[in-house]
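Enquirer: Provided herewith is a single structure, encoded as structure tokens, for subsequent inquiry.
Please treat every number below as a calculation from the coordinates, not as lab data. All values derive from a computational prediction rather than experimental measurement. We place every Cβ from the backbone using ideal geometry, glycine too, and count neighbours over all the protein chains shown.
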Amino acid sequence: MGIRKIVKHPDPVLREKSVTVKKFNQNLHKLLDDMAETMYHANGVGLAAPQVGILKRVFVVDVGDGLVEFINPEIVAKEGEQLGPEGCLSIPGLMGDVLRAKKVKMKAQDRHGNEFTIEGEDFFARAMQHELDHLNGVLFIDLAVRTYTEPEEREKNE
Ligand code: NI
């Protein structure tokens, strides 16, 4: 396990499209372990592989209900809308209000290559959509209806 360096905007690697994972080997497992450790260390709720400089279709999310690892994720269904605040470990200190689907159903593979589907709503759905965007070089600042500095109270709590 190891904490990796988080790539910060405007590093061009954040604008690349990530490639499909084909090998579910030890390298992938190490990447996933490191990404989870890096995310928790930074008090994040999600982290995508491009954010540690790896252009593979991989992200991890933990909104408080446990870690979920997504490899080669795709949205298979979405429903409703939610407008709410979002931040990103690659854009520290900035928040933005982003319109997202309220519920999403996603298909992905686990670290062994087994396919699974998962449904989420509200904050979990938002996190999945945000992380999926990273795999296509899209950042929340591209989508935000407005951006603002993270409130000071929030920084103090971290
Ligand atoms: Ni992000």
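Enquirer: Using 7 Å Cα-to-Cβ label points, what is the A77/K102 separation (nm, one decimal)?
Expert: Label at A77, label at K102, 1.5 nm between them.
Enquirer: Loop only by DSSP, 15 or fewer other Cβ within 10 Å of the Cβ. Give me the trypsin sites (Lys or Arg not before Pro) in region 1-49 that pass, ordered by residue number.
Expert: Sites meeting the loop and neighbour criteria: K5, K8, K17, K22, K23.
Enquirer: If each DSSP helix of 4+ residues adds -39,500 (n - 2.57) and the sum is divided by the residues in the chain, what number results at 222 nm, nearest 500 deg cm²/dmol?
Expert: Calculated at 222 nm, the ellipticity per residue is -7000 deg cm²/dmol.
Enquirer: Lys and Arg at +1, Asp and Glu at -1: add these up for the other residues within a Cβ distance under 9 Å of S18 and post the number.
Expert: For residues surrounding S18, the net value is +2.
Enquirer: For region 44-111, which GluC sites (Glu not before Pro) pass both filters: DSSP loop (anything but H, G, I, E, B) and at most 16 other C-beta atoms within 10 Å?
Expert: Here the GluC sites (Glu not before Pro) that fit, given the DSSP loop and packing criteria, are E81.
Enquirer: From largest to smallest, what semi-axes in whole angstrom does the chain give when each is the square root of 5 times an eigenvalue of its alpha carbon gyration tensor?
Expert: Working from the Cα gyration tensor, I get semi-axes of 23, 19, 15 Å.
Enquirer: Let me know the number of lysine pairs in region 12-157 closer than 27 Å at the Cα, not counting same-chain pairs under 8 apart.
Expert: Lysine pairs satisfying the spacing and distance rule in region 12-157 number 27.
Enquirer: Oh, and also: DSSP loop trypsin sites (Lys or Arg not before Pro) in region 69-158 with at most 11 other Cβ atoms within 10 Å of their Cβ, which ones?
Expert: Listed in order of number, the matching sites amount to none.
Enquirer: Is any residue of region 80-105 close enough, with backbone N under 13 Å, to a label point placed 7 angstrom from the Cα of N136 along the Cα-Cβ axis, and if so, which?
Expert: 101
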